[in-house]
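Q: Below is one structure. I have some questions about it.
The values are calculated or read from the model by the stated rules, or taken from the named source; none is laboratory data. Computed from a predicted model, the values in this text were never measured in an experiment. Because the Cβ atoms are built from the backbone with ideal geometry, glycine has one as well, and the counts that use them run over all protein chains shown.
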């Protein structure tokens, strides 16, 4: 009696494991590679044959000559002590949010520190009465967000123009022409890919 019930259960288990664990993943991988090969490969960005990033994963741009993305809460092993972790912005192997709530002192301290840095880095924008966009002080849910809102990018225009010695209007126009509209006109929000914007910025200065 037990064996007669166990056999079909095991057969079903093995069959479903084969279908959902091997056939389906491999099939979808092959299909996506045929239909959308670029996205299936990670949406990698190349410069003269060298991979410089992905359009789906942000990068930690620190120079005042570049537009900066959102803060990232991702962590990674400390190279000096593998039993500890340290901040590793945009670590794709450790996608996470801070999970800190509105009453978290650590969150408040970090946001305050980030706000102060933004004020020091962007004195021209502050002098003109610009409000710091909230996304520039708050991390995303994944910690890997590669995009900014148009406001987040425009806030940085004056700093980038000063650092590069370029006309403000040229940089502003570059941001405006880099805005990507929502998919089908209503799915998502207008956004600017930071890596693409910074690459266009380098080409503008050549």
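Q: Would you mention how many residues in the range 151-168 are part of a helix (DSSP H, G or I) and either touching a strand residue (DSSP E or B) at 6+ places or on another chain (Cβ under 8 Å) or closer than 18 Å to residue 129 by Cα (or both)?
A: Summing the residues that are part of a helix (DSSP H, G or I) and either touching a strand residue (DSSP E or B) at 6+ places or on another chain (Cβ under 8 Å) or closer than 18 Å to residue 129 by Cα (or both) in the range 151-168 gives 11.
Q: Might you let me know whether the range 135-148 holds any residue that is free of Cβ contacts under 8 Å to residues at least 40 places away in the same chain and on the phi < 0 side of the Ramachandran plot?
A: Checked the range 135-148: no residue is free of Cβ contacts under 8 Å to residues at least 40 places away in the same chain and on the phi < 0 side of the Ramachandran plot.
So that you can scan it fast, the table gives a plain yes or no per residue for (1) touching a residue at least 12 places away in the same chain (Cβ under 8 Å); (2) part of a loop (DSSP other than H, G, I, E, B):
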{"site": "65", "(1), (2)": "yes, yes"}
{"site": "71", "(1), (2)": "yes, yes"}
{"site": "77", "(1), (2)": "no, no"}
{"site": "93", "(1), (2)": "yes, no"}
{"site": "106", "(1), (2)": "no, no"}
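Q: Condition first: in contact (Cβ under 8 Å) with a residue 24 or more places away in the chain and either farther than 23 Å from residue 54 by Cβ or not in a loop (DSSP other than H, G, I, E, B) (or both). Now tell me which residues in the range 169-179 satisfy that.
A: 170, 171, 174, 175, 176
Q: Okay, moving on. Under the condition of being under 21 Å from the mean Cα position of the chain (by Cα) and loosely packed, with under 14 Cβ neighbours inside 10 Å, which residue from the range 86-112 is modelled with the lowest pLDDT?
A: The selected residue is 99.
Q: Something else now. Picking from 72, 32, which residue would you name as being closer than 27 Å to residue 125 by Cβ and surrounded by 13 or more Cβ atoms within 10 Å (Cβ to Cβ)?
A: 72
Q: Taking the condition surrounded by fewer than 21 Cβ atoms within 10 Å (Cβ to Cβ) and modelled with pLDDT of 95 or more, does residue 158 pass?
A: So residue 158 passes the test.
Q: Looking at the range 35-54, which of the residues that are touching a strand residue (DSSP E or B) at 6+ places or on another chain (Cβ under 6 Å) and on the phi < 0 side of the Ramachandran plot is surrounded by the fewest Cβ atoms within 10 Å (Cβ to Cβ)?
A: Of everything passing the filter in the range 35-54, 51 is surrounded by the fewest Cβ atoms within 10 Å (Cβ to Cβ).
Q: Could you tell me how many of the residues in the range 180-197 are at pLDDT 95 or above, touching a helix residue (DSSP H, G or I) at 6+ places or on another chain (Cβ under 9 Å) and not in a strand (DSSP E or B)?
A: 2
Q: I've got another one for you. Working carefully through the options 145, 167, find the one that is closer than 26 Å to residue 204 by Cα, modelled with pLDDT under 95 and surrounded by 17 or more Cβ atoms within 10 Å (Cβ to Cβ).
A: Checking each option against the conditions leaves just 145.
Q: Give the residues of the range 118-133 that are in a helix (DSSP H, G or I) and surrounded by fewer than 12 Cβ atoms within 10 Å (Cβ to Cβ), sorted by residue number.
A: Answer for the range 118-133, where residues must be in a helix (DSSP H, G or I) and surrounded by fewer than 12 Cβ atoms within 10 Å (Cβ to Cβ): 120, 127.
Q: Got a number for residues in the range 170-182 being touching a strand residue (DSSP E or B) at 6+ places or on another chain (Cβ under 6 Å) and farther than 16 Å from residue 202 by Cβ?
A: Number of matching residues: 2.
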